Amino acid sequence: MRRAVKIKAELLTLIKNNGSFLIVSHFNPDGDAVGSSIALAMGLKKLGKKVHIANRDKVPDALAFLPSSGLVGREAPEGVVDVLCVVDCNTMERTGLKNLKASKTIVMDHHIMPDNAGELWDNDTLNHSIIDPGISATGEIVFSILSELGVVIDKDMAVNLYTALLYDTGGFRYANTTPESLSVASRLVAAGAEPWRITKELYESVPYNAMKLLAAAYKTIEKDGKMAWMTVTKEMLAETGTTAEHTENFVDYPRKIKGVEVAVFFREEADDLCKVSLRSKGGINVQKIAAIFGGGGHAPAAGCTVKGPLNEVTRRILDAVREALRKS
Ligand code: 5GP
Ligand code: MN
């Protein structure tokens, strides 16, 4: 069974002893990335720190309900900050941001580290960081850090952190749902997060045109043995007036099929670029498949962006999935 998040004394000291913070996360931010960033910013502000959040992309409309979502800016502040906090990803590449200036860097994340992690971060950063794929959501790490720092979690922070946990555990259904994540969720509800209000925002507020897109995408579902996949083309987005953010979680639909072990979602980004999402029901580590194509993530949920036309990317990814299934 998973242990509780262990917060390093060095990390707490570093936060206590510094004044200015820049929080960044991965591009195309999701509920965990945004919720964790905002809650961390709110907590650090309560400690009297100067805090900025920067993301390459805007907060998706579906997450605009998060309290203080306006804190998430698109650009880093001028000058050098004391501490850069890299949240819900563990490479600078995943942030899509460049030339950030900070005296120290902390990574708070739960994704599998790439093989060359040692070259990406110096020892000082790794000493202060928490990177643990056994943790359900980065929100759980932020909750533990703020609690250790003596920050009282208020209602707005609780809503952000509950959303982070809800999002990354798929509504507390996935295998990463642990006694610890449920215990943190319980404390967040006690602090004012209202489960049904947040559930409604996350799962019961699909824009009508996004539902039309889903209807079109359903028709593309195909199955071959233990794999199934769904596709969204540029034309489908244009016809329904939707954007990439409306395809969030579409990969869940091919995964629902009985007998499917690996589900894939393909989204055509340009004539020669596709976003791929991979999900496994348990037996196959899809992070390893995504890593072949320069991506990453978790063993049951991973993604990558692959150069090439849609039909070619589809063939290459499905070949890799087929091979993984054959070896399993
Ligand atoms: P999704 O398929 O929903 O985009 O992402 C599933 C998981 O894989 C998320 O945890 C996400 O952060 C991660 N992920 C998605 N795309 C990439 C990628 O290109 N590189 C890495 N390292 N992780 C990714
Ligand atoms: Mn996450």
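Structural remarks
Here's the yes/no breakdown for (1) within 12 Å of ligand 1 (Cβ to nearest atom); (2) under 17 Å from R94 (Cα atoms); (3) outside the structural domain of T247 (by TED's automatic domain parsing):
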| site | (1), (2), (3) |
| --- | --- |
| D271 | no, no, no |
| I289 | yes, no, no |
| F293 | yes, yes, no |
| G297 | yes, yes, no |
| T305 | yes, yes, no |
| R316 | no, no, no |
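Every residue, every condition in (1) open to solvent by 40 Å² or more (accessible area, probe 1.4 Å); (2) more than 18 Å from the chain's Cα centre (by Cα), yes or no:
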| site | (1), (2) |
| --- | --- |
| H128 | no, yes |
| F143 | no, no |
| L146 | no, yes |
| G150 | yes, yes |
| L182 | yes, yes |
| I198 | no, no |
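- Residue ranges of helices (runs of 4 or more DSSP H) in segment 202-264 with at least 1 members under 22 Å from K327 (Cβ atoms): 252-255
- When every residue of segment 115-125 is checked against the conditions, none turns out to be open to solvent by 70 Å² or more (accessible area, probe 1.4 Å), among the small types (G, A, S) and away from ligand 1 (no atom under 12 Å from the Cβ).
- Criterion violated by E268 - all others in (1) touching a strand residue (DSSP E or B) at 6+ places or on another chain (Cβ under 8 Å); (2) surrounded by 17 or more Cβ atoms within 10 Å (Cβ to Cβ); (3) part of a helix (DSSP H, G or I) satisfied: (3)
For every residue, the table says whether it meets (1) away from ligand 2 (no atom under 16 Å from the Cβ); (2) open to solvent by 50 Å² or more (accessible area, probe 1.4 Å).
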| residue | (1), (2) |
| --- | --- |
| N249 | no, yes |
| V264 | yes, no |
| K275 | yes, no |
| G303 | no, no |
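- Residue list for segment 1-33, filter: closer than 19 Å to T105 by Cα and within 16 Å of ligand 1 (Cβ to nearest atom): V24, S25, H26, F27, A33
- Only one entry in G31, G70, G48 is touching a residue at least 40 places away in the same chain (Cβ under 8 Å) and either small (G, A, S) or open to solvent by less than 70 Å² (accessible area, probe 1.4 Å) (or both), namely G31.
- Scanning segment 74-88 for residues that are assigned to a loop (DSSP other than H, G, I, E, B) and open to solvent by less than 10 Å² (accessible area, probe 1.4 Å) yields one hit, D88.
The values are calculated or read from the model by the stated rules, or taken from the named source; none is laboratory data. Bear in mind the structure is a predicted one, so any value in this text is a computation, not a measurement. So basically every Cβ, Gly included, is an ideal-geometry build from the backbone, and we count neighbours across all protein chains shown. The accessibility values were calculated without ligands, DNA or RNA, using every heavy atom of the protein model including side chains. Shrake-Rupley method; radii C 1.70, N 1.55, O 1.52, S 1.80 Å.
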